Amino acid sequence: MPKSDALVLFYSAARNVVMKQYAPATNRNREPILAVLKQWLPPQGLVLEIASGTGEHAAFFAANLAGREWQPSDAEPSALASIAAWRDEAGLANLRPPVCLDVRDDMWPVDRVDAMFCANMIHISPWECTLGLMTGAGRVFGPGGVLVLYGPFKVGGKTAPSNLSFDADLKARNPAWGVRDLEAVGACAQAVGLDHVDAIPMPANNLCVVWRKRA
């Protein structure tokens, strides 16, 4: 290899190390989430990940969900850079470059997807983001489109003590944040044609909740 090419590879690798971000929870929750995705995602098609964050989930799920195209997204420039770095390192043909996407926008950078996945977003964003997420899902799904949300929820106004403490901490940081009532989230889904099909208990008192676009 010519010396100049070796230098390019070295600096490219060094840049990825700098840009890559890490979320400690990812290694703890990715296997249980993967099991849910294998159960509920269609066997092929385009999966849009909302609020991909560091990009670790995107790289892991794309590597383990053959037959699906994985489209990561985020609204934050630093997150997009980290996702791109993880994608570069993974070198997966089914992992697309990240796109900038704010769920509250009327137009998204994708027109039609077969499934969507979103982890740990709706409790650390204003309620308008949950509304935008559901409205967007109703817009980009055809019949049978699947939405999977992962995170803490209140069910019937109740949740685990650890989630109640987390909820209080979130609201202290930003009054617009907080652990959401599953019934309220489900009502938003119903309003755009998404029917609830499952809620799977997950580690650390989280849930994976699944909705499907009705015909």
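The values are calculated or read from the model by the stated rules, or taken from the named source; none is laboratory data. Fair warning: this is a prediction, and the values are worked out from it, not measured in the lab. Neighbour counts are summed over all protein chains in view; Cβ atoms, including those assigned to glycine, are modelled from backbone coordinates with ideal geometry.
Before moving on, here are some points about what is shown:
- Residues (aromatic (Phe, Trp, Tyr) and surrounded by fewer than 21 Cβ atoms within 10 Å (Cβ to Cβ)) located in region 109-151: Trp127
- Qualifying positions in region 201-212 - in contact (Cβ under 8 Å) with a residue 40 or more places away in the chain and either among the aromatic types (Phe, Trp, Tyr) or surrounded by fewer than 20 Cβ atoms within 10 Å (Cβ to Cβ) (or both): Met202, Pro203, Ala204, Asn205, Leu207, Trp211
- Residues that are closer than 18 Å to Val113 by Cβ and in contact with a Ser or Thr (Cβ under 6 Å, 6 or more places away or on another chain) were ranked within region 74-96; the one that is surrounded by the most Cβ atoms within 10 Å (Cβ to Cβ) is Ile83.
- Looking only at residues in region 32-57 that are free of Cβ contacts under 8 Å to residues at least 40 places away in the same chain and surrounded by 19 or more Cβ atoms within 10 Å (Cβ to Cβ), the one that is farthest from Val103 (Cα to Cα) is Glu56.
- Taken over region 32-44, the criterion of being assigned to a helix (DSSP H, G or I) and out of contact with any Asp or Glu (no Cβ under 8 Å at 6 or more places or on another chain) is satisfied by Pro32, Ile33, Leu34, Ala35, Val36, Leu37, Lys38, Gln39.
- Of the residues screened, Ala176 is one that is out of contact with any Leu (no Cβ under 6 Å at 6 or more places or on another chain), surrounded by fewer than 20 Cβ atoms within 10 Å (Cβ to Cβ) and in contact (Cβ under 8 Å) with a residue 40 or more places away in the chain.
- Selection status of Asp181, buried (at least 17 other Cβ atoms within 10 Å of the Cβ) and among the acidic types (Asp, Glu): no
- Only one of Asp198, Asp167 that is more than 26 Å from Asp105 (Cα to Cα), of a type in the set (D, E, K, R) and free of Cβ contacts under 8 Å to residues at least 60 places away in the same chain: Asp167
- Ala62 being surrounded by fewer than 22 Cβ atoms within 10 Å (Cβ to Cβ) and either part of a loop (DSSP other than H, G, I, E, B) or at pLDDT 95 or above (or both): no
- Taken together, the residues in region 13-55 that are at pLDDT 95 or above, within 15 Å of the chain's Cα centre (by Cα) and under 16 Å from Leu95 (Cβ atoms) amount to 13.
- Within region 65-97, being assigned to a loop (DSSP other than H, G, I, E, B), more than 18 Å from Val110 (Cα to Cα) and small (Gly, Ala, Ser) holds for Ala66, Gly67, Gly91, Ala93.
- Checked against the criterion of being β-branched (Val, Ile, Thr) and in a helix (DSSP H, G or I), region 45-56 contains not a single residue that satisfies it.
- So Ala85, is it within 21 Å of Met19 (Cβ to Cβ) and small (Gly, Ala, Ser): yes
- Test: Ala90 is among the small types (Gly, Ala, Ser) and touching a Phe, Trp or Tyr at 6+ places or on another chain (Cβ under 6 Å): no
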